[in-house]
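What follows is a short report on a single structure.
Just so you know, all these numbers are worked out from the coordinates, no wet-lab data involved. Because the structure is predicted, anything quoted here is derived from the model rather than measured. Quick reminder, even Gly has a Cβ in these numbers, built from the backbone with ideal geometry, and neighbours come from all protein chains shown.
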Amino acid sequence: MVLSGTLTLAQDIGQLSAKNPVVASGSIGLRSYYSNGSQSPLYRANPFGYALAGQVTLTFFNGISLPFSVAYSNRQASYSQPFNQFGLSPTYKGFTLHAGYRNLRFSDYTLNGLTMLGGGLEVQKGWLRAGFFYGRMNRVTFSAEGTPTTFLRTGYAARIGIGTAQNYADLILMQGHDHEQSLPAYAQYGLNPARNTAIGFILNRSLGKHLLLIIDAALSVYTGNINAAKIDSTQLQSLPAVVYKSVAPNISSRGLLAVSATLAYSGTGWGIRTGYQRIDPGFTTMGMYNVNNDLEVFSVAPHLNLLQNKVSINANLRLQRDNLLGDKLRQTQRFLPTATLTYSPTARFGVSANLTYSTFNQTPGIKQTLLTPGQAAAQLMNQANYSIMIMPRYSIIGDDRTHTLMLSAGTNQLVDNSGDADLKANTEYSGLNGLLNYSFSLDRQFLSVDAGVNYFTLTNLNGTTNNLGFNLGATKGFLANKLQTSLNAGYNLGQDLNAINLTASGRMQPNRHHRFGLTVLQNQSAQTGGSVSRNFSEFRGTIDYTYLFLTKR
């Protein structure tokens, strides 16, 4: 099995002389285990297993890392190479050269994270900001049945602006197109070559010491079929000739907008952030993978600190809707307010509360005139969901010991107000949950102990489900913490199933090269109700050794 990824490098080549040119690091490990599970035919037939694994990472100039790994066991084997997509971006005195596979971001709505194979250059010198990248956006791909799914696609993105890394204004142009000749018989597969031109503007500006303004906007002209009937340029009097020649629109072209804006104020002890976002239905560019569209969002997020920062209040109010063009059967609106209150009167005691509330409402969109007699209109939903969580905590921190007691209690509920009895019965639910946990540690003795109890109940159409759980754990270090041991136990009482699990482990690393480990695990579950037997038992023991190395040249 070969795994692939993308290797990236962003290295200041002006400092290479101070770096070790090559470093090799890695490990070789051997692991043996015994497994016995009542529900596992594989383990019953072959309870003993072993595995050998090795990995090495070559690091060049403290920037390029090439990881290799190989693993073999009596059940499977695997090998992974570091990459089959290679790229680097060396930087020198404000100039950054890009080569190979890169995923650059010029703005949210133009070039944003698309992996391209090519080359380019970015410059940040004084107030000058510039960037350019050209390359392959897509290669020809085929489905599992051998049917072509995408054309060869190439494109470029250019950016010019002024400012610094914190305050700047940029203008971006991105263009991409499919190559017809890469799939000569594309028509028989229902494919059409496309073209896209996107023009973007981004502003990030501090207005004084307290205000911040961020604007990100783009116009994307996406032509779904470059061979569709042309549009007479005389009918587009408002479109400059240079733009018309660059875009070359036809009847399959769509001009769509996306914009987001943020205005934030930060004062002493308080602040507020307001936001607006609108993305036209169907908005996309060839320089990004995907984006939620047909969306308009208003948001307000205030925060406040009181009593010398002992009280902190954070809130977020968000209102969003779709169906911006009014051409859907239904329009969805969501209101999502959240609030967090934290009170910490002393270093030992504190409490926080979280409140989340959301509504999901649908109203009729375009008139539903095509319904046959007796056919019902599309179901309109009207639901509200809320959750409340309260979490007090108490800690005693000494020179060498720490006590911590934490409680968490919450409730959540979904209410359906649509008026449909069946929908109400199938969607409504309510739940309660609680957690109490105590932990104790002695730093000098390398000892820690924790114990907890948790409970939750959920009520829905299928009835009420309850679950009560207990956990107890301890860790202890010996020989100046070179030997670490742990013991953990858990017990869960469910509605019709009880389960217990026990884990004991020990790890020893006498020096930086050698590491030994031993783990024993026992899981047991017993059915207390229901018609289908779910009794289960599993034992697993593992012993392992790892050799670690670090070589410099």
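Can you work out ³J(HN,Hα) from phi for every residue in the stretch 91-101, in order, using Karplus 6.51 cos²θ - 1.76 cosθ + 1.60 and θ = phi - 60°, giving whole Hz and x for Gly and Pro?
10, 8, 6, x, 10, 10, 9, 10, 8, x, 7
Could you pull out every residue, at least 5 positions away or on a different chain, whose amide H is within less than 5 Å of the one on residue 418? Hs are placed 1.01 Å off N in the peptide plane, and Pro or chain starts have none.
Under 5 Å from the amide H of residue 418: 382.
Please compute the length gained on full extension between residue 354 and residue 390, using 0.36 nm multiplied by the number of residues separating them and subtracting their Cα-Cα distance. Can you show the working numbers first?
On the way: separation 36, 0.36 × 36 = 12.96 nm, distance 0.65 nm.
Answer, rounded to one decimal: 12.3 nm.
Applying the Karplus parametrisation 6.51 cos²θ - 1.76 cosθ + 1.60 with θ = phi - 60° to the phi angles of the stretch 175-189, what ³J(HN,Hα) value in whole Hz is obtained for each residue in order, glycine and proline being reported as x?
So the Karplus estimates, Gly and Pro as x, are 9, x, 7, 8, 9, 4, 5, 6, 9, x, 9, 5, 4, 6, 9 Hz.
Tell me whether the stretch 93-293 comes out rounded, prolate or oblate; compute the Cα gyration tensor, take square roots of the eigenvalues as a ≥ b ≥ c, and use a/c under 1.5 as the rounded threshold. Display every interim value, and only then the final one.
Numbers: a/c = 2.01, a/b = 1.65, b/c = 1.22.
It is prolate, given that a/c is not under 1.5 and a/b is the larger ratio.
Using only alpha carbon pairs under 8 Å that are at least six residues apart, calculate the relative contact order of the chain and give it in whole percent. Walk me through the intermediate numbers first.
Values: 1461 pairs, mean separation 49.8, N = 553.
The normalised contact order for the chain reaches 9 percent.
Computed FRET efficiency, Cβ-Cβ of residue 296 and residue 439, R0 51 Å: what is it to the nearest 0.05?
Numbers: r = 47 Å, r/R0 = 0.91.
E(calc), rounded to 0.05, equals 0.65.
Could you give each residue of the stretch 157-170 its phi-based ³J(HN,Hα) in whole Hz, using Karplus coefficients 6.51, -1.76, 1.60 with θ = phi - 60°, and x for Gly or Pro?
In residue order, the calculated couplings are 9, 10, 9, 9, x, 10, x, 10, 5, 9, 10, 7, 9, 10 Hz.
How would you order 468-480, 215-227 from highest to lowest mean count of nearby Cβ atoms within 10 Å? Mind dumping the intermediate values first?
Values: 468-480: 14.2, 215-227: 19.2.
Result, highest mean first: 215-227, 468-480.
Pop the C-beta distance of residue 400 and residue 333 into the FRET formula with R0 = 56 Å and round what comes out to the nearest 0.05.
Efficiency, rounded to the nearest 0.05: 0.50.
If I model a spin label at residue 548 and residue 346 as a point 7 Å from the Cα along the Cα→Cβ vector, what separation in nanometres do I get?
4.1 nm
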